[in-house]
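Remarks on the structure that follows.
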Amino acid sequence: MGRQILKDFVKVGKQMKQRDSHTQLFLDALLSMDRIGSEIVLRDVAAQHQSFEDVERVITETLVIIGDGWEAGDYSLFQIYMSGVICEETIARMLPEFRIERKNSPKIGIGVLIDRHALGKRIVKAVVQAEGFEIFDFGDGLSVDEMVDKTMAYRIDVLMVSTLMLPSALKVKGIREQFDQRKLKTRLIVGGAPFRFDSSLWQQVGADADGKNATAVISIIERLVDRQ
Ligand code: B12
């Protein structure tokens with residue numbers, strides 16, 4: 001028993017050492033639901049690196065740690081929920097400072113297919129919005145038909161689909177099939193954990209591109225729209 005406690009203690013110590021200090025500070029602030037402390041950490045990251053990409057990295061790393069901790073029974077569902085809310089609020093306050101003006105934006109839609117993991121979508125949406133694009137949020141837990149119907153109703157040029165579970169990722173194929181049947185020219189960009197774990201999955205499901213994170217998606221949109 002004593003040995004196990006010592007082992008666990010050493011393991012936690014190692015994990016803390018390996019973590020970036022900003023990630024550790026942000027984790028502590030989120031777990032104690034400290035909104036002001038969370039924002040101070042992210043502002044410090046932004047000031048040191050002068051880019052939103054590093055802010056995004058700290059947010060994503062920390063949310064994954066909290067999610068894994070929840071699965072291991074260390075944190076509560078409420079802590080995950082509140083962490084998401086705090087991240088979203090903080091991003092909404094910080095991103096306008098990075099915002100750029102853009103003329104002739106393509107119409108972009110974003111939604112989570114089938115599953116309910118909405119945190120990644122919120123971050124992607126916030127970044128795309130800050131880059132001056134016109135973006136419509138279709139929500140989460142959407143079926144293939146709902147995704148296609150909304151794409152048509154809003155005359156979307158680029159549809160961004162977020163999925164965090166493999167069965168949902170495989171359903172993207174259904175969106176591609178319907179686009180082809182209806183002869184829609186809408187470009188399809190996918191993202192989320194299954195596409196990060198398997199780098200050729202986006203091609204297998206018929207997407208036009210995948211994005212590893214929110215910051216990466218901007219150049220992908222520009223490239224796909226230019227090519228049309
Ligand atoms: C937090 C979390 C939850 C939270 C979700 C809270 C919420 N409101 O979103 C809760 C606790 C509710 C949850 C529930 C479940 N979860 Co969960 N969850 C996670 C966890 C730990 C982190 C996900 C997350 O929020 N990451 C932080 C965000 C910011 O990162 P992200 O989503 O990856 O997004 C970034 C990029 O991927 C990218 N991106 C995302 N979308 C898009 C879209 C585009 C177009 C682009 C370009 C980029 C992009 O940019 C984002 C910002 O950088 C993952 C583990 C993991 N490694 O991903 C498991 C995980 C996704 N969950 C999993 C599972 C199985 C479930 C449950 C079924 C069962 C369970 N364990 O209880 C339920 C299902 C809920 C449902 N119906 O959808 C599995 C999926 C496995 C699989 N292969 O299918 C994972 C991978 C855990 C695991 N290792 O088993 N989960």
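Throughout, read-outs are computed from the coordinates displayed, never taken from laboratory work. All values reported here derive from a predicted model rather than from experimental measurement. Counting neighbours? That spans all protein chains shown, and the Cβs are built from the backbone with ideal geometry, glycine included.
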Compute the relative contact order of the chain as a whole-number percentage, counting only Cα pairs closer than 8 Å that sit 6 or more residues apart in sequence.
-> 15 percent
Would you compute, from DSSP H runs of 4+ residues alone, the mean residue ellipticity of the chain at 222 nm, taking -39500 (n - 2.57) per run and dividing by the full residue count, rounded to the nearest 500?
-> -19000 deg cm²/dmol
When the C-alpha atoms of the stretch 141-225 are aligned to their principal axes, what extent does each axis show, in angstrom, from largest down?
-> 31, 29, 21
In sequence order, calculated HN-Hα J values of the stretch 69-83 (Karplus, 6.51, -1.76, 1.60; Hz; x Gly/Pro) = x, 5, 4, 7, x, 7, 10, 8, 4, 5, 5, 5, 4, 5, 4
In the stretch 86-190, what GluC sites (Glu not before Pro) fall in a loop by DSSP, with at most 12 other Cβ atoms inside 10 Å?
-> 101
Amide H neighbours of residue 210 under 5 Å, at least 5 residues apart or on other chains, H built in the peptide plane: list them.
-> 190
Which of 172, 50, 31 sits closest to the plus end of the dipole of the chain, meaning its Cα is farthest towards the positive end, when Lys and Arg get +1 and Asp and Glu get -1 on the C-beta?
-> 172
Within the stretch 141-228: Cβ-based charge dipole about Cα centre, in debye rounded to nearest 20 (Lys, Arg +1; Asp, Glu -1) | 100 debye
Within the stretch 114-143, chymotrypsin sites (Phe, Trp or Tyr not before Pro) in DSSP loop having at most 16 other beta-carbon neighbours inside 10 Å = none
For the stretch 37-46, in residue order, the Karplus 3J(HN,Hα) values (coefficients 6.51, -1.76, 1.60; θ = phi - 60°; whole Hz; Gly and Pro = x) are x, 4, 5, 4, 4, 5, 5, 5, 4, 4
The longest stretch of the chain containing none of the trypsin sites (Lys or Arg not before Pro) that sit in a DSSP loop with at most 14 other Cβ atoms within 10 Å is 1-98
What aspartates and glutamates could a cross-link reach from residue 183, if we take a straight Cα to Cα line under 18 Å and drop same-chain neighbours fewer than 8 places away?
-> 145, 146, 149, 157, 208
Difference of contour (0.36 nm per residue) and Cα-Cα distance, residue 85 to residue 72 = 2.5 nm
Hey, with R₀ at 22 Å, roughly what FRET efficiency would residue 49 and residue 222 work out to, going by the Cβ-Cβ distance, to 0.05?
-> 0.45
Zone residues, the stretch 197-213, relative to residue 180, backbone N less than 14 Å from point 7 Å out along Cα-to-Cβ = 203-208
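For the chain, with only Lys/Arg (+1) and Asp/Glu (-1) charged at the beta-carbon, what is the dipole magnitude about the Cα centre, in debye rounded to 20?
Using only the charged Cβ atoms, the result is roughly 440 debye.
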Amide H neighbours of residue 187 at under 5 Å, excluding residues fewer than 5 places away on the same chain, with H built from the backbone geometry, are 158, 159
